[in-house]
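Accompanying notes for the structure given below.
Please treat every number below as a calculation from the coordinates, not as lab data. Since the model is a prediction, treat every value here as computed from it, not as a measurement. Glycine also receives a Cβ, built like all others from the backbone with ideal geometry; neighbour counts cover every protein chain displayed.
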Amino acid sequence: MSSKLFSPVDVGPVRLPNRIAVSPMCQYSATNGEANDWHLMNLMQLGISDAGLIMLEATAIEPRARITHGCLGLYDDATEAALARVMASARAVAPQGARWGIQLGHAGRKASAQRPWEGRGALGENEQPWTTEAPSAIPFAADWHTPRAMTASDIARVREHFVESARRAARLGFDIVEIHAAHGYLLHQFLSPLANQRDDEYGGSLENRMRFALEVADAVAAALPGHVALGFRITGSDWLPGGITVEEAATLATALKARGVSYVCVTSGGVAHASIKVTPGYQVPLAEHVKAASGIVTRTVGMIVDPHQAEAIIAEGQADIVAIGRAFLDDPRWVWHAAERLDALDAIQYPPQYERAGAPHWRGAALLRPHEALSLA
Ligand SMILES: Cc1cc2nc3c(=O)[nH]c(=O)nc-3n(C[C@H](O)[C@H](O)[C@H](O)COP(=O)(O)O)c2cc1C
């Protein structure tokens, strides 16, 4: 087996058995922030996927930090207990060595929104909206809530909530805690001049705009036990004039690395409407730049569907880990099929209960996936 995609990688103190990550994906299905049977099904299914890292969805650090009424939370004993039940079951079926991460976030001015299947806009008067907060009182778009500009004590409160949620995550046994600083949510809003027009020490220069994210990094790093890795999801580009550039992303990654952050995932967009050309691997050059400039372990993401493309990204050193989102929703067995195509079946722990359906044992697999040129056993 010579696949680089299926080789292990160290992320700070945590070893991933391969370089495939399930990208964090909101399910918008929690009740009062509490995980339920949908999360149980979703995470048990992803648990047996053989992905080296399974990231849980953006998880709110306080109720007002949720994007929608259905967002997952980790901010009190009830949300912690609900997630503990789900994680115990997911871990029970996952192969040995699978690593679990949770993404902690605050939606800022993009909070108080409708679930995607309910419209995706700001919550209306009769949908129990709540007051949003952000670096500046600038709405995400014309028809969105105008947020309240955060005071210094709001900033300190949010930082403390990140710490408390990270402590709960460590108690739940997560291997990785990832801070969401992308996709136009609160920390990204502080980082981007398009949303941050403050004139205090949190606005203006890049150094000032990075201050809040770096304070969160310091505080969470200090609170996590040594065996838990801390990562950040950052934006590689706002794709808009006056927005964050890949050079600024690299500066942020370098500063995070200096603070003991173990990896970044480089994504893009979301702080304001932009037209983005989404082609296979479109964000890989952003990750490649950040990785080369900062030397931090780097995860890439975005329309990476073909296993050979994922393999090439790792083999050519453009990124250290490949995150895959929608392809896992469509096909939770993506890793097994990638291992078939990359001749790496010996690198995964295919569940023996399902073994008779695998390509080496079942001619039907080649009929199901004829384009993959599987040999008929
Ligand atoms: C249903 C859905 C929910 C998502 N939720 C999150 C999230 O909670 N946190 C996050 O950082 N990105 C989220 N994303 C973005 C994905 O993690 C990923 O970056 C994006 O889908 C591009 O990767 P893909 O082309 O492999 O799907 C979500 C994407 C989808 C499709």
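Results, tabulated for the structure shown:
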item: Computed over region 257-377: relative contact order in percent, which uses C-alpha pairs under 8 Å that are six or more apart; result: 17 percent
item: Sequence-separation-based contact order of the chain, relative, with Cα cut under 8 Å and 6+ spacing, percent; result: 16 percent
item: Along principal axes, Cα extents of region 161-264, largest first, whole Å; result: 42, 24, 22
item: Rg ratio (alpha-carbon, reference 2.2 N^0.38 Å) - region 36-86; result: 1.20
item: Qualifying aspartates and glutamates (Cα of each under 18 Å from Cα of K4; at least 8 residues distant if same chain); result: D50, E288, D306, E311, E316, D320, E340, D343, D346
item: Cα point-scatterer Debye curve for region 9-350, base-10 log of I(q)/I(0) at q = 0.06, 0.14 Å⁻¹; result: -0.19, -1.12
item: Fluctuation leader among G47, G302, G121 - the chain, Gaussian network, Cα springs under 10 angstrom; result: G121
item: Inter-probe distance in nm under a simple model that places probes 7 Å from Cα toward Cβ, at A366 and A84; result: 5.1 nm
item: Pairs of alpha carbons in region 219-377 whose separation is greater than 28 Å (percent); result: 35 percent
item: Under 5 Å, built H, 5+ apart or other chain: amide partners of A323; result: A21, T300, V301
item: Mean-position separation - Cα centroids, region 1-79 and region 240-303, in angstrom; result: 20 Å
item: Difference of contour (0.36 nm per residue) and Cα-Cα distance, D346 to A293; result: 15.6 nm
item: Cβ-derived FRET efficiency at R0 22 Å, E160 paired with D76, nearest 0.05; result: 0.95
item: Exposed-loop-free span, longest in the chain, where GluC sites (Glu not before Pro) count as exposed if DSSP calls them loop and at most 16 other C-beta atoms lie within 10 Å; result: 1-200
item: Within the chain, percent of DSSP bridges classed antiparallel, to nearest 5; result: 10 percent
item: Ranking of M303, M55 by count of other Cβ atoms within 10 Å, fewest first; result: M303, M55
